[in-house]
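The values are calculated or read from the model by the stated rules, or taken from the named source; none is laboratory data. The structure presented is a predicted model; accordingly, all values stated were derived computationally and were not measured. Positions of Cβ are backbone-derived with ideal geometry, glycine not excepted, and every protein chain shown enters the neighbour counts. What goes into the accessible areas is simple: the full protein's heavy atoms, side chains included, and nothing from ligands, DNA or RNA. Shrake-Rupley method; radii C 1.70, N 1.55, O 1.52, S 1.80 Å.
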Amino acid sequence: MGKWWKKAFGYQIYIRSFKDSNNDGIGDIRGIIEKLDYLSYLGINLIWICPFFKSPMDDNGYDVSDFYNVSSDYGTMNDIQELIVKAHQKKIKIIIDLILNQTSDEHLWFQESRKSKDNPYRDYYIWAPPRYINGQRVEPTNWASFFGGSCWEYDQQTNEYYMKIFSRKMPDLNWKNPRVRDEIVKMTDYWLSMGIDGFRLDAVAHLGKSDLMDSTYQTQERYKPEWEKYSNLPIVHDYLQELNQKVFSKYDIVTIGEVGGRALVEDALRYVSPKRRELNMVFNFDHNWCNNGWNRKKGEKLKIDVQAMKDIFEKWQTGLQGKGWNAIYWLNHDQPRVASHYGDRDYFHESAKMLAVCMYFMWGTPFIYNGEEIGMTNPEFKSIVDFKDVSIHNQYRINVIENKQDPTDFINYVSYSTRDNARTIMQWSNDEYAGFSNDKPWNMVNDNYRIINVKDEIVDKDSILNFYRKIVDIRLNSKYNNVIAYGKYQQLKKEHQQLYFYLRQYRTKKILVICNLTNENVKIDELEYKIINIIISNYERKEIPQEFAPYEAIVLEVE
Ligand code: GLC
Ligand code: CA
């Protein structure tokens, strides 16, 4: 208890789409500075800013070519320093992405590494010679890349392959090499000494790779998605303990690892268990796909898989509580918009507000993703040019161009899950370009910015934005702040097919959260608790209803 980040409310900023201060169509650091007042108004006290380092932007900055410099798209080192000072004046802490798994192929280390087998930087990356099968050159292993195709790229210069589990412009660093680890220690320390308050550790589960042996998966694909070959291996924990000991432990910071994929609670505990001295918390992805999306019929609406979602919350809430800390969130820059994914067009406000209640009264440090607080939705993708994500373009090449999948089918299929959903321009007002810039933005503006935007929602007291503000305020500043931060989580009526019930309890204070995850009216039985107070209700109830309306959510103080 006591650590500042246990009482933080986070907000993730996708810098490229957030606010453009100099009208070149690209969001930037000064844009964030301009919006600090807005962030204070929202009430959050921690921001996570997506990468702003120098980069050729193959993967919007997750491909870093210089860790010690800011991309000219985003500003200067002075801008960063000013942002840190100004945010701190407003009691907002800042964490940034720590990108450890790879660099850009334009990073000096890689430029050197690829020159020759005896270059001093050769072992900064993972190189392996080709195999020859029936005289054909073949990759060192049959492992797939997360972004489509093989996880290896052939480099003619030395007739070897380098590993790249993301894009070909993102070669994986060789963490076995102590010199690489020293470089990372130095870089991490550099950013902490600038005054930032911690990190979100990008793709941290993948730092260790298993021996180079083919996957034996019997799947159709040529490259096998056996992510276990490079996810959550024991060696990752040695690397993190070293980083913790050499850097993290010297500062009062927060560290959050991205350990999505197929991470289990047991895996997560190895990262966050305090006695292991690795990370403070992790982001997992389990709750991101609890609907009928993957196998829905044409025209069928998306629908929450209530039981699956409740089971996943139960698993993570009870699995980590008392043993480590947790981070909670609906989406980040890699996932669809929650209002489209789990919300309901026909009950737009009700469902968006219910989702906020459902998530943000749980245990763990919460993170809102920019635009979520106003109910931003997925855009409509009409053709491949609407997509910006390198992984979609890779998949398009493989599925449509090489394997002749119908392009419309492809677009319909990927629209559901694409990372581009979260990356459209932040909707500030109903002015041209949604008030993001005076010039044409780098990415799509969702047409609905005329109705869904910050400016209009500030004045509408029933807006999603004002509802989020209320939740942030209750969580951080009300007499319920301790029970929300530290209270024991307990799910009630686990088998209920529509409602999600959970109790939070800290000392003698108890709060009960009830959310209707469906569009149905649901009668509720007499509660076995005495109601002391209605803390928040998305239907503005003054007393508890006998029948819950579609997507109704209520938080009660009980005894
Ligand atoms: C993480 C990031 C994602 C990025 C990848 C490679 O998953 O969230 O956006 O593409 O790592 O760095
Ligand atoms: Ca700009």
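Observations
- Electrostatic tally near L212: other residues with Cβ closer than 12 Å to its Cβ, Lys and Arg +1, Asp and Glu -1, net 0.
- The stretch 108-163: relative contact order as a whole-number percent, Cα under 8 Å and 6+ apart: 32 percent
- Applying the criteria of a DSSP loop state and at most 12 other Cβ atoms within 10 Å to the trypsin sites (Lys or Arg not before Pro) of the stretch 385-428 yields K404.
- Accessible area of the stretch 203-258 belonging to carbon and sulfur atoms, whole % at 1.4 Å probe: 50 percent
- Given K6/K303; K3/K93; K91/K323; K461/K488; K209/K250; K169/K209, the pairs whose alpha carbons are separated by over 22 Å: K6/K303; K91/K323; K461/K488; K209/K250
- Residues whose amide H lies under 5 Å from that of V254, counting only those 5 or more places away or on a different chain, are G198, F199; hydrogens are built 1.01 Å from N in the peptide plane.
- Cut-off under 5 Å, modelled amide H: who pairs with A327 long-range: V282, T365
- The trypsin sites (Lys or Arg not before Pro) of the stretch 174-238 that DSSP puts in a loop, and whose beta carbon has at most 13 other beta carbons within 10 Å, are R222.
- Residues of type lysines that K298 reaches as a straight line, Cα spacing below 17 Å, ignoring anything fewer than 8 places off in the same chain: K382
- Rounded if a/c under 1.5, otherwise prolate or oblate - the stretch 341-390, Cα gyration tensor axes: oblate
- Loop-located GluC sites (Glu not before Pro) in the stretch 309-387 (DSSP state not H, G, I, E or B) with no more than 13 neighbouring Cβ atoms inside 10 Å: E380.
- Ranked by the mean number of other Cβ atoms within 10 Å of their residues, highest first, the peptides 504-512, 441-449 come out as 441-449, 504-512.
- Angle of helix 306-320 to the longest C-alpha principal axis of the chain, folded into 0 to 90 degrees and rounded to 10: 80°.
- In this structure the chain gives 41 Å² per residue of accessible area when probed at 1.4 Å with all protein chains present.
- When the helices of the chain are scored as -39500 (n - 2.57) per DSSP H run of n ≥ 4 and the total is divided over every residue, the value at 222 nm lands at -7500 deg cm²/dmol.
- If you take all other residues with their beta carbon under 11 Å from the beta carbon of D420, and give Lys and Arg +1 and Asp and Glu -1, the sum is +1.
- A cut-off of 5 Å between modelled amide H atoms, ignoring neighbours fewer than 5 places along the same chain, links V70 with K54, M77.
- The share of accessible area on the stretch 487-558 that comes from carbon and sulfur is 41 percent, using a 1.4 angstrom probe.
- In degrees, nearest ten, helix 178-193 long axis to first principal axis of the chain (Cα): 40 degrees
- Order of exposure, largest accessible area first, which applies to E112, E266, E543 with probe 1.4 Å: E543, E266, E112
- For the chain, the longest principal axis of the Cα atoms and the long axis of helix 464-477 meet at an angle of about 90 degrees.
- Within the chain, percent of DSSP bridges classed antiparallel, to nearest 5: 60 percent
- Charge tally for M170 (other residues, Cβ to Cβ under 9 Å; Lys, Arg +1; Asp, Glu -1): -2.
- Normalised Debye scattering of the stretch 108-163 at q = 0.24, 0.26 Å⁻¹ gives log10 I(q)/I(0) of -0.95, -1.03, counting only Cα atoms as equal scatterers and leaving out solvent.
- Counted over all Cα-Cα pairs of the chain, pairs farther apart than 33 Å make up 43 percent.
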